[in-house]
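Structure, as C-alpha cells:
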Amino acid sequence: MSIERAHTGLQSRLGRMARRRQLPAPSSRVSFAEDVEQCELCSAVVPSAHQHLLDTAARRLVCSCRACATLFADATIGGRSLRLVPSDVRELAGVTDDDVFWAELAVPVDLAFFFFDTAAARTVAFYPSPMGATESQLSLDAWSRFAAANPALGSMRPDVEALLVNRTRQRKQHWIAPIDACYTLAGVIRTNWKGLGGGDDVWRELDRFFDDLRARAKPT
C-alpha cells in the first residue's frame, strides 16, 4: 500500500472522530449498535475516547481497548508491525530557530506536524487542509538543523509521535503529540472549513482542540 493511500485511510477514520466531537447527545431513539465501537483486536466494546495502535506495515490506526493497549505497551510484543500510540502530550517551550525553519519549509498554512516515518526512512511533514492532511516537501538539511537546535525533538518516538506546530493568529506553539491527535486536528479542519477563510466554526473548533491539548500537556 502506498504512503499516500494509507494516509488517506487514516484521515477518513480520524475525520469521523473529529465529527463526533461536534454531534449533540444522541436521542433515546438512536440504537446502541449505531454508537458502539469495538477493539479491533479482541472485539471488546470501547468508549469513544480510546487508544490506538499503529499498524506500521499498512499505515493504519487500529482501535484498541485498554487491555490490548497495555499488552502492546511493550514494543517487543507487536514486533515491527503494531505500535502503541501514546496518550501523553508535551508542550515545548523556548524552541530555537523556529522562524528560520518555517521560512525554509514554506508551508502554505500556519499548522503542520512532523514525524519520522520508518517506511520512508525519513522525517516527513504534513499540514492540515480542507482536503485533509497534505504532505509537504521537507528539506532533510533544514530538519536536521532544527532538530539539532532543539534536542527535545530527539525524544519523539518514530511513527507514533509528531512535532505539532501551531502558528495561527500570531501564536507560536510547539507540541510533541500522539499521531492520532494530529490526524484528529486534520479532521477538525476538513469537517468545519467553509469558504476561503474557513469561517467562524473552524476557528472555534481549533481553539477547542488546542485547549484540550493544553489540558493534557506536560511541560518539557
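Key figures
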read-out	value
Separation in nanometres of the label points that stand 7 Å from Cα toward Cβ, at Asp212 and Arg145	3.7 nm
Modelled label reach - Thr96, point 7 Å along Cα→Cβ, the stretch 154-170 residues with backbone N closer than 14 Å	154
Signed unit charges on C-beta, dipole axis of the stretch 85-220, positive-most listed residue Asn166, Ala215, Ala103	Ala215
Ratio of the Cα radius of gyration of the stretch 89-219 to 2.2 N^0.38 Å, where N counts its residues	1.00
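The numbers here are math on the coordinates, done by the rules we state, and not lab data. Not measured: the values here are computed from a predicted model. Cβ sites come from the backbone with ideal geometry, for glycine too, and all protein chains shown count toward neighbours.
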